[in-house]
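Structure first, commentary second.
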Amino acid sequence: MQQWQETDPDGPSEADIARFSSEYKTCPSCREEVYDQAEFCTACNHAFMPQDEAKGLPLWVFITAGFLLLSLIAVGFAI
Ligand SMILES: [Zn+2]
């Protein structure tokens, strides 16, 4: 009866547990750490975006990076 952890096909494998339980994201509203899979913040009920951002970089990253690049270029010309 002690081998259920390794032989139970219905139970989550250790790899799955490690994969899902180790992913956290920081709530942009209250800075609380919540599970990456959570749809709402457990602390302030902030609604997170759909899980698209888990698959790739969200659009705002590129927009922010673009602004940052433009700012650096502007500063470079200003000096
Ligand atoms: Zn929150």
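Read the figures in this text as sums done on the coordinates, not as results from a lab. The model shown is predicted, which means the values in this text are computed figures rather than measured ones. Counting neighbours? That spans all protein chains shown, and the Cβs are built from the backbone with ideal geometry, glycine included.
Can you compute 3J(HN,Hα) from phi for each residue in segment 65-71, using the Karplus curve 6.51 cos²θ - 1.76 cosθ + 1.60 with θ = phi - 60°, rounded to whole Hz and x for Gly and Pro?
So the Karplus estimates, Gly and Pro as x, are 4, x, 4, 4, 5, 4, 5 Hz.
Which order do I79, I63 fall in if you start with the one that has the fewest other Cβ atoms within 10 Å?
If I rank by nearby Cβ atoms, fewest first, I get I79, I63.
When Lys and Arg each count +1 and Asp and Glu each count -1, what net charge do the other residues less than 11 Å away from C44, Cβ to Cβ, add up to?
Net of charged neighbours comes to 0.
What residues qualify as long-range amide H neighbours of Y24, i.e. H under 5 Å apart, gap of 5 or more or another chain, H built at 1.01 Å from N?
D36
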